[in-house]
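Structure, as structure tokens:
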């Protein structure tokens, strides 16, 4: 498979993030690495998605500039095919040990999994959506959704739906599988947390 590994970043990539990407096992797959700099996250993700389609990649693995991926992340995520596969990493400023994966059965993105709730008996489960700090997306997912694939939605109440949750919501509405891979436990720089 031909896989695009891409980092959306406003300025730069942390050295630990780059090192974790460099050390990631890729098996027999052909991989290309690049990053998009100088745009907000939604625009950067749209640029990455467009390049994924235009250059004929099979998948894109988006990794945020402050995420530390485990060395088997890509191979685990490719193991069980799904349209969107999300890795696990700590939620920003969590006080309840939450990860950036949301539970099904809620009308909105309100209930995250905690570290302790992540299943250990099976590697994958369907989720409502989650952060795209570590996300493997099949390229044909973009042909099944209208552009822009990633955008911020601001509601009359002033609340905001982030670009990654917007994408997950649209993918699920289009009948795509959105899953979390519990084996892909990432560190999150500046959150002072790494899985052991």
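Looking at 147, 122, 113, can you tell me which residue is more than 18 Å from residue 69 (Cβ to Cβ) and surrounded by 16 or more Cβ atoms within 10 Å (Cβ to Cβ)?
Details: 147 fails: surrounded by 16 or more Cβ atoms within 10 Å (Cβ to Cβ); 122 fails: surrounded by 16 or more Cβ atoms within 10 Å (Cβ to Cβ).
From the options 147, 122, 113, the qualifying one is 113.
Yes or no, residue by residue, for (1) under 24 Å from residue 47 (Cα atoms); (2) not in a strand (DSSP E or B):
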{"residue": "78", "(1), (2)": "yes, yes"}
{"residue": "106", "(1), (2)": "no, yes"}
{"residue": "122", "(1), (2)": "no, yes"}
{"residue": "136", "(1), (2)": "yes, no"}
{"residue": "142", "(1), (2)": "yes, yes"}
{"residue": "145", "(1), (2)": "yes, yes"}
{"residue": "149", "(1), (2)": "yes, yes"}
{"residue": "164", "(1), (2)": "yes, yes"}
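Say whether the condition of being surrounded by fewer than 14 Cβ atoms within 10 Å (Cβ to Cβ) and at pLDDT below 95 is met by at least one residue in segment 48-55.
As a first pass, look at segment 48-55 and keep what is surrounded by fewer than 14 Cβ atoms within 10 Å (Cβ to Cβ): 54-55.
Okay, now just the ones that are also at pLDDT below 95, so none.
No; the residues of segment 48-55 include none that is surrounded by fewer than 14 Cβ atoms within 10 Å (Cβ to Cβ) and at pLDDT below 95.
Scan segment 90-136 residue by residue and report those that are within 23 Å of residue 4 (Cβ to Cβ) and without any contact (Cβ under 8 Å) to a residue 40 or more places away in the chain.
100
Say whether the condition of being in contact with a strand residue (DSSP E or B) (Cβ under 7 Å, 6 or more places away or on another chain) and under 11 Å from residue 181 (Cβ atoms) is met by at least one residue in segment 139-154. Steps first, answer last, please.
Restricting attention to segment 139-154, the residues satisfying the condition of being in contact with a strand residue (DSSP E or B) (Cβ under 7 Å, 6 or more places away or on another chain) are 139, 141, 152-154.
So of that shortlist, the ones also under 11 Å from residue 181 (Cβ atoms) come out as none.
Looking through segment 139-154, none of the residues is in contact with a strand residue (DSSP E or B) (Cβ under 7 Å, 6 or more places away or on another chain) and under 11 Å from residue 181 (Cβ atoms).
Can you tell me which residues in segment 24-53 are outside any helix (DSSP H, G or I) and over 15 Å from residue 13 (Cα atoms)?
Looking only at segment 24-53, we keep the residues that are outside any helix (DSSP H, G or I), and these are 24-40.
Correct list: 24, 25, 26, 27, 28, 29, 30, 31, 32.
Of (1) within 19 Å of residue 164 (Cβ to Cβ); (2) surrounded by 14 or more Cβ atoms within 10 Å (Cβ to Cβ), residue 33 satisfies all except one. Which?
(1)
Of (1) within 22 Å of residue 187 (Cβ to Cβ); (2) in a helix (DSSP H, G or I); (3) modelled with pLDDT under 95; (4) within 14 Å of the chain's Cα centre (by Cα), residue 8 satisfies all except one. Which?
(2)
So residue 194 clears everything in (1) within 20 Å of residue 7 (Cβ to Cβ); (2) at pLDDT 85 or above except one condition, right? Which one?
Condition not satisfied by residue 194: (2).
The values are calculated or read from the model by the stated rules, or taken from the named source; none is laboratory data. On a predicted model such as this, the values are computed, not experimentally measured, just so you know. Virtual Cβ from ideal backbone geometry, glycine too; neighbours counted across all protein chains shown.
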